[in-house]
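Novice: Mind having a look at this structure? Questions to follow.
The values are calculated or read from the model by the stated rules, or taken from the named source; none is laboratory data. None of these values were measured; they are calculated from a predicted model. Every residue, glycine among them, receives a Cβ derived from its backbone with ideal geometry; neighbour counts consider all protein chains shown.
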Amino acid sequence: MNKEITITGIGLHSGEKVKIQIFPAKPGEGRYFVRKDLPNSPQIPAIVDSVSQTILSTELARGEAKVRTVEHLLAALAASGVENARIEIDGPEVPLLDGSAKIWTESIANWEIVTNTSVFLDPHVSLEIPIWIRDGDSFVAAIPATAIRFTYGIDFEYSAIGNQWYSWNPATESFALGVAPARTFGFADQIEKLQASGLIKGGNLENALVCDHNGWLNPPLRFPNEPVRHKLLDLVGDLSLLGTFPKAHYLAYKASHKLHIQLVNALKNLNVQDYVNN
């Protein structure tokens, strides 16, 4: 068992090599990042108020200190029941690793701390009213339900992906097996444009699934519907910025980090009477 987690890797967008060390934090401190490479080691709380931008990833900031692509690590911590964690990082972006949350989840499982693995099975509060956020034919929603469930749908013109749906029930399928291994994905005909915009400098065929209109460039997939499972992984990571997961059915279709964060803000801004204690 490890007293802390130490992992080094390359950031998807920055292309920079970064080291992360994760330590237990005191009860009530929550999950937060510490930029060890900056003067005075500024802290960035992993809460929705810290979100600074959502272009192809979720970025958190406090003042001039920023940390990008936090969603996979935060999903793994939250799903593993780690409510309080000090995440020290010596660069601007969380390492992409293999493009999924698999390595994070496996590392947390071997961490020498007590975790609450029932984070999705015994929520503190239940949602009492439905919330819908729509942008064209894309939407995210949180609907009152008898248990926490996540459902995601995507639809792409690339035949390798097409229309996919995945519904995850934490009571019957573990995060480690059903969600964490799903890798990020992209499209070959968009790579040059994104790189010219300063994005995906660290992306390659080892840390992302890539397809064109003829199929996948780097099969095999870990799941037949791996892309939509990865989108659900992103949603879990973004929802973790609320600090808790109210009992609800979380539903998304063709959504984005931007819509995910809008849902988190809507949940955060609800009145007390819109929740009920369990």
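Novice: Within the stretch 180-194, which residues are more than 16 Å from the chain's Cα centre (by Cα) and over 19 Å from I10 (Cβ atoms)? Break it down stepwise before answering.
Specialist: Of the stretch 180-194, the ones more than 16 Å from the chain's Cα centre (by Cα) are 186-194.
Residues satisfying the conditions are F187, A188, D189, Q190, E192, K193.
Conditions (1) over 18 Å from the mean Cα position of the chain (by Cα); (2) modelled with pLDDT of 95 or more; (3) within 27 Å of S240 (Cα to Cα), marked per residue:
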site: R149; (1), (2), (3): no, yes, yes
site: I154; (1), (2), (3): no, yes, yes
site: Y158; (1), (2), (3): yes, yes, no
site: G178; (1), (2), (3): no, yes, yes
site: A196; (1), (2), (3): yes, no, no
site: K201; (1), (2), (3): yes, no, yes
site: N207; (1), (2), (3): no, no, yes
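Novice: Please specify each residue of the stretch 250-278 satisfying the condition of being part of a loop (DSSP other than H, G, I, E, B) and surrounded by 21 or more Cβ atoms within 10 Å (Cβ to Cβ).
Specialist: Within the stretch 250-278, the first condition is being part of a loop (DSSP other than H, G, I, E, B), and the residues that meet it are 254-256, 269-271, 278.
Hit for the stretch 250-278 is A255, nothing else.
Novice: Quick one: which strands (runs of 3 or more DSSP E) sit completely within the stretch 1-94 and have at least 1 residues that are surrounded by fewer than 17 Cβ atoms within 10 Å (Cβ to Cβ), at pLDDT 95 or above and of a type outside the set (A, V, I, L, M)? First the steps, then the outcome.
Specialist: Details: elements: 5-10, 17-24, 31-35, 43-45, 51-53, 59-62, 65-68, 85-89.
It comes to 5-10, 17-24, 43-45, 51-53.
Novice: A further question follows. Is the stretch 169-181 home to any residue that is surrounded by 14 or more Cβ atoms within 10 Å (Cβ to Cβ) and in contact with a Pro (Cβ under 8 Å, 6 or more places away or on another chain)?
Specialist: Taking every residue of the stretch 169-181 in turn, none turns out to be surrounded by 14 or more Cβ atoms within 10 Å (Cβ to Cβ) and in contact with a Pro (Cβ under 8 Å, 6 or more places away or on another chain).
Novice: I need the full set of residues from the stretch 115-143 which are of a type outside the set (S, T, Y) and crowded, with 16+ Cβ neighbours inside 10 Å, in order please. Full working, then the answer.
Specialist: Initial filter on the stretch 115-143 (of a type outside the set (S, T, Y)): 116, 119-125, 127-137, 139-143.
V119, F120, P123, V125, L127, I131, I133, F139, V140, A141, A142, listed by residue number.
Novice: Shifting gears a bit: Residues of the stretch 208-247 being at positive phi and assigned to a loop (DSSP other than H, G, I, E, B), which ones? Let's see the steps before the verdict.
Specialist: Initially, the stretch 208-247 is screened for residues at positive phi, giving 215, 243.
Passing the criteria: only G243.
Novice: Determine if the stretch 95-102 includes at least one residue that is within 29 Å of I191 (Cβ to Cβ), hydroxyl-bearing (S, T, Y) and outside any strand (DSSP E or B). Lay out the reasoning, then the answer.
Specialist: Filtering the stretch 95-102 for residues within 29 Å of I191 (Cβ to Cβ) gives 95-102.
Checking the rest, the ones that are also hydroxyl-bearing (S, T, Y) come to 100.
Adding the requirement that they be outside any strand (DSSP E or B) leaves 100.
Checked the stretch 95-102: at least one residue is within 29 Å of I191 (Cβ to Cβ), hydroxyl-bearing (S, T, Y) and outside any strand (DSSP E or B).
Novice: Are any residues in the stretch 132-189 assigned to a loop (DSSP other than H, G, I, E, B), under 26 Å from P95 (Cα atoms) and either of a type in the set (D, E) or without any contact (Cβ under 8 Å) to a residue 24 or more places away in the chain (or both), and if so, which ones?
Specialist: Matches in the stretch 132-189: S174 only.
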